[in-house]
Structures are given as structure tokens and as C-alpha cells.
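Here the structure comes first, spelled out in C-alpha cells, and everything after it is commentary.
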């Protein structure tokens, strides 16, 4: 989780969530603070990854709109099947 300078932040939790967190921390041999930090780090990592995928999709869509170049689902499936079977296959050529 890094050694960057940290500053405290207040997080309000309902009693039920606090109790669940306390019990989970005890079961895991961790502090509730550690569990909250871990959860936040995992969430941010996951959402940043999703945002990268969305940005890639937007760029691909825009590229398609500008050029019309594409591969069909059948072409992509055939290529992926070769890769899955261990074959070192080149991706299919894009076409209009």
C-alpha cells in the first residue's frame, strides 16, 4: 500500500457494518483499519481497470467510425480458438 504521505479521512459506518468489520478483522488477524484500506485499494484498482477498458472501447469505436476497418466475430473467434489451442497465430487482417 505504499509509503506515501498519508492524511486521516473520516469514514462514517452504520453500526451493523462496523460490527461486521470488527468480526471479520478479528477472524483475519488484522485491524479494521487495515481491512478498510485494503477494500478501498482493491476497489480503486478494479475501477481504474474498468475505466481503462471503457476508454479502450471508446477509442476502438471511434477508430471504427473513422475507418470502417474491422474483423467479424467469426474471424475473431477462429483466431482466439487457435491461441487457446496453443498455436502462435497472427490476428486476422482488418477489412472494410
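The values are calculated or read from the model by the stated rules, or taken from the named source; none is laboratory data. Remember, it's a predicted structure, so these values are computed and weren't measured experimentally. Every residue, glycine among them, receives a Cβ derived from its backbone with ideal geometry; neighbour counts consider all protein chains shown.
For residue 43, state whether it is part of a helix (DSSP H, G or I) and in contact with a strand residue (DSSP E or B) (Cβ under 8 Å, 6 or more places away or on another chain).
Taking the combined requirement at face value, the residue does not satisfy it.
Confirm whether residue 58 is part of a helix (DSSP H, G or I) and either more than 30 Å from residue 13 (Cβ to Cβ) or modelled with pLDDT under 95 (or both). Write out each step before concluding.
Values: part of a helix (DSSP H, G or I): yes; either more than 30 Å from residue 13 (Cβ to Cβ) or modelled with pLDDT under 95 (or both): yes.
So residue 58 passes the test.
Out of the range 79-90, which residues are surrounded by 12 or more Cβ atoms within 10 Å (Cβ to Cβ) and either assigned to a loop (DSSP other than H, G, I, E, B) or touching a strand residue (DSSP E or B) at 6+ places or on another chain (Cβ under 6 Å) (or both)?
Correct list: 89 only.
Look through the range 67-76, keep the residues that are surrounded by 12 or more Cβ atoms within 10 Å (Cβ to Cβ) and assigned to a helix (DSSP H, G or I), and return whichever of them is nearest to the chain's Cα centre (by Cα).
Our first condition is that a residue be surrounded by 12 or more Cβ atoms within 10 Å (Cβ to Cβ); within the range 67-76, this holds for 70-71, 75-76.
Of the ones still in play, those that are also assigned to a helix (DSSP H, G or I) are 75-76.
On the way: 75: 26, 76: 23 Å.
The extreme case among them is 76.
Answer yes or no as to whether residue 19 is in a helix (DSSP H, G or I), more than 30 Å from residue 96 (Cα to Cα), without any contact (Cβ under 8 Å) to a residue 60 or more places away in the chain and within 23 Å of the chain's Cα centre (by Cα).
no
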